[in-house]
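Read-outs: derived from the displayed coordinates by stated rules, not from any lab. Owing to the predicted nature of the structure, the values given are computational and were not obtained by experimental measurement. Glycine also receives a Cβ, built like all others from the backbone with ideal geometry; neighbour counts cover every protein chain displayed.
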Amino acid sequence: MGDSGAMKTRPWVLLLAVPPALFLAYFFIYPLITILYTGLVPNGRFATSAFTEVVTDPTMRSVAWFTLWQAFLSTVITVALGLPAAYVFARYRFPGRSLFRALTLIPFVLPTLVVGVAFLAVLGPGSPFGVDLRGTIWAILIAHVFYNLAIVIRGVGVLWEQIDPHIEDAARSLGAGRWRVFREVTLPLLRPAILSSAALVFLFSFTSFGVILVLGDLHHTTLEVEIWRQATAFLRLDLASALAVLQLVGVTVILLMYGRFSRRNAAELPLRPSAEVARRPRTSGERVFIAATLGMLGLIVVTPIVVLIARSMSTPTGPALTHYANLINPPRASAVFVSPLDAIGNSLRFAIPAVIIAAGIGLMAGVVIVSAKGHSGRLFDTVLMLPLGTSAVTIGFGFLVALDQPVDLRASAMLIPIAHALVAIPFVIRSTVPVMESVQLRLREAAAVLGASPRQAWREVDLPLVSRALAVGGLFAFAISIGEFGATSFIARPATTTIPVSIFRLLGRPGTFGEAMAMAVVLMAITGIAAMGIESMRGSRSGGV
Amino acid sequence: MKHVLNGLLIAAVALAVAGCSADDTQPDEVVLMTHGSFAVSDGVLEAFTDQTGITVNVLQSADAGAMVSQAILTKDNPVADVLYGIDNTFLSRAIDEDLFVPHSAAAIETVPRGLRVESDMVTPIDFGDVCLNLDPDGLAALGLETPDQLVDLADAAYGGTLVVEDPTTSSPGLAFLLATIATFGEDGAYPWQAYWQDLVTNDVRIVPGWDQAYYGEFSGGSGEGDRPIVVSYATSPVAEVYFGDLDTAPTTVLEDGCFRQIEYAGILNGTKAEQAAGQLVDFLLERTFQEDMPLNMFVFPANADTPLPDVFVDYAVIPTDSRVMEPAWIDENRERWLAEWATVVR
């Protein structure tokens, strides 16, 4: 932590900062500034009236207020329910563990239109629970928890499974109760990962679009939806830009507060490979706790998934695989049907470069954030998080007005994985930084004592430990890309239709509802398989550490 | 100094070369910007390539409003050469923004007068009607007659039966709002705001998009909800028959209070391939494309010489007195109407 150490690492840290900085500058900051300028300075004169209109309109104020408090509430509930689940997956081995964990990622990729269908079945007039939550804040909050639980489970879990349980055992042997050990020992150790995940959940809920469109109404609407309305229904680009500025200011303030909160350096942790930490439950209390947690996950995550599978097999003559057969052998010669194999191939064509870009840029940025001392590292971190808190409408329109020179990228298919990577990079950073912060001090010092150069220490010591966290970030990048609809739909051609785009098409006309559900099940299956694949890869690699 | 001169010379030559190539050689690609509902069978756009040697690259926006915004934002350096799918609700704004250059399509004489616009800035390609769809069984189960006028739905007997789309997020939703404005007017004894007030009293359900309304809330056809009346298209019963392999349509259309949506194509101002763009617009109005449209997008071809598919001939209705509104009138009032609508339903 001494100044001499910081001086030594500086040149290569600066070099590593260049690619992420350039990427962000060209694909985020430049388009953002260009579109806001275009919207707010229409004829060479600054449209102050747009700001006045936004600030004085009571409807806009209530939209801003709703955006803020629903995001806060969504975050609190998601973290509260995600922590026990993260603990159960990190610390216990039980039958079906990896399958269950893979299931929790599935919501993350589901198009909101499809989730809307499932939620309507579970929480609508025909609810098996006897509630009708349509048009209430509860439907929105539950949907945000459904979508974001995976962020907490994985983001916190990846640190939790590497904390040596002997610390907790030691505290307990000194007479501390279970709850006290959690509050005073475990929680402080997990703090960086919890704050990281909470920040991601907050940003996702703050800029929520699809969930609000599907489950909200005129009384429950976010700034993001209002930006969309102003830009596409009213064609008021000045108001849309003013709202986007308002949203951006809100996100920046929140990120700066988050930066202050997480400023305290992470405690130095004795980390262990996860294989050693997880064990079978021993007491009946532990079994009840695991069962209760899995029951909660089942209710929130698995119920909607089961509903969708049931819908995909529902036909007038009872359960059958007709809709799946229709996907493979379309009953009619119509371009509405894209063969699932083609759609999967197209989706992977975007997902693979997106994961590579996000993992590469995110890892470089993570190292810079951990290694740079003082304000600069934190500032870098904050700026890299911004794309997640910026309206997708704004970024999408920004690409259009800015990226036409020197090379016209606007109609290029490369823009899709780039747009996906922009959203995925914060996930790579948030999952790797807490782990890197914890390993770096102890291991780097040990390596230095043994005479290794910083680069050697990074390659041989940090990287293997960080690779597990990187796998989590990469998995999210994959999920973001494969489930993404907005940017893809704008550039996708009929010949490169992805899975979410084909679901959108099938849901866009009467008579192909079952096929849309079948396609959604295909999407869920791919995500589940990818999650389990990465999980098993992670397990075997960590065994060698 | 010499370096600077050399640089200028090279720049001048490069510009001259670029200038020549833009004018003289046929581009090998045109970009078609369209909305999310665009769909075409395999081989149709390839037929254009076979005819002309030009490949069509399709750019799709989420919806028509987003597409128009994108076209306005990029008008100094358009991202596409042809825009297709802009309808009469957004047309006037696009023309005011100088988005298009005039073009007289080769087959324009095949288009009925009622679909054409006065200037040749855009070419009509297809049309369709947004109408209320009815579930006769669902209505009968509630002991209700099938309504035959929009105004019937203001009657308390029809409470809890109607689902519509939010006009600020959905294009059929906007079309239905415009149909009510055209039907009831702005200042009569019973203006459109009063009609909507009655719909609200009758517990109208407002959802953000067509698929939530039709699949989620509507009880007829492939809908899974409990409302027997929905804002949809006049061709929705046709699609039910076609995709469901049925002999009779499970749903019907209320022919009063329909709104006609006409979709146009135009050459984008600033294109570097104006001639090729014109060829593509011509192609969109020719038989190959026109014939393919009905079963992909469930719209009617604008070219009156196009034979319709059997399922359209047997099951489609074209409402006789569909509401038509001047694009300029819509553009002038859209923002105010939407704001007033929001006040009534909030």
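Structure values in brief
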read-out: FRET efficiency, 1/(1 + (r/R0)^6) with R0 35 Å, evaluated for A:Val131 and B:Leu142 via beta carbons; value: 0.90
read-out: Segment B:135-216, relative contact order [Cα under 8 Å, separation at least 6], %; value: 35 percent
read-out: Antiparallel %, DSSP beta bridges [both residues in segment B:124-276], to 5; value: 70 percent
read-out: At least 24 Å along the helix axis (C-alpha) and Kyte average at least 0.5, DSSP helices within chain B; value: B:2-24
read-out: Net charge of neighbours whose Cβ lies under 13 Å from the Cβ of A:Pro111, counting Lys and Arg as +1 and Asp and Glu as -1; value: -1
read-out: Order of A:His166, A:His144, A:His375 - criterion: other Cβ atoms within 10 Å of each residue's Cβ, fewest first; value: A:His375, A:His166, A:His144
read-out: Residue of B:Trp210, B:Trp329, B:Trp196 that the Gaussian network model of chain B assigns the largest fluctuation, springs spanning Cα pairs under 10 Å; value: B:Trp329
read-out: Antiparallel %, DSSP beta bridges [both residues in the protein assembly as shown], to 5; value: 60 percent
read-out: For the protein assembly as shown, size of Cβ-based charge dipole, Lys and Arg +1, Asp and Glu -1, in debye; value: 6500 debye
read-out: GNM result for chain B, Cα springs below 10 Å: residue of B:Gly209, B:Gly160, B:Gly244 fluctuating most strongly; value: B:Gly244
read-out: Cα-centred dipole magnitude for segment A:1-133, charges only on beta-carbon of K, R (+1) and D, E (-1), debye, nearest 20; value: 620 debye
read-out: Peptide-level mean, for A:140-151, of C-beta atoms on other protein chains within 10 Å; value: 0
read-out: Rounded to 5, the percent of DSSP beta bridges in chain B classed as antiparallel; value: 60 percent
read-out: Summed side-chain charge close to B:Glu263 - residues other than B:Glu263 whose Cβ falls under 9 Å, Lys, Arg +1, Asp, Glu -1; value: -2
read-out: Distance in nm between pseudo-label sites at B:Ala156 and B:Glu118 (7 Å out along the Cβ direction from Cα); value: 4.8 nm
read-out: Value of relative contact order over chain B, rounded to a whole percent, pairs C-alpha under 8 Å and six or more apart; value: 26 percent
read-out: Cα gyration tensor, segment B:133-224 - rounded (a/c under 1.5), prolate or oblate; value: oblate
read-out: Within segment B:212-228, backbone nitrogen closer than 12 Å to the virtual label 7 Å beyond the Cα of B:Leu246 toward Cβ; value: B:219-224
read-out: Where only C-alpha atoms are counted, convex hull volume of the protein assembly as shown per residue in Å³; value: 188 Å³
read-out: Percentage relative contact order, chain A, counting C-alpha pairs under 8 Å, at least six apart; value: 24 percent
read-out: Segment A:154-272 - Rg (one decimal) and Dmax (whole number), Cα, Å; value: 20.8, 66
read-out: Computed label-point distance, nm, for sites A:Arg45 and B:Thr201 using a 7 Å Cα→Cβ extension; value: 4.6 nm
read-out: All Cα pairs of segment A:7-102, percent lying beyond 18 Å; value: 75 percent
read-out: If the convex hull is drawn through the Cα atoms of segment A:341-427, its volume per residue in Å³; value: 115 Å³
read-out: Proxy reagent accessibility, fewest Cβ within 10 Å first, across B:Asp226, B:Asp211; value: B:Asp226, B:Asp211
read-out: Proxy reagent accessibility, fewest Cβ within 10 Å first, across A:Val306, A:Val88; value: A:Val306, A:Val88
read-out: Calculated diffusion of segment A:71-214, Stokes-Einstein form, Kirkwood radius summed over Cα pairs, 37 °C and 0.692 mPa s, µm²/s; value: 198 µm²/s
read-out: Selected from A:Ile480, B:Pro307, B:Gly270, residue furthest toward positive end of dipole (the protein assembly as shown; charges at beta carbon); value: A:Ile480
read-out: Residue mean of other protein chain beta carbons inside 10 Å, A:112-121; value: 3
read-out: Cα-based Kirkwood hydrodynamic radius, segment A:146-203, one decimal, Å; value: 12.2 Å
read-out: Per residue, the convex hull volume that the Cα atoms of segment A:289-396 enclose (Å³); value: 219 Å³
read-out: Partner chain coverage, peptide A:340-351 - average Cβ within 10 angstrom; value: 0
read-out: Kirkwood hydrodynamic radius of segment A:196-252, from inverse mean 1/r over distinct Cα pairs, in Å; value: 11.9 Å
read-out: Chain B pair-distance distribution - Cα-Cα, 20 Å bins, rounded %; value: 29, 51, 16, 4, 0
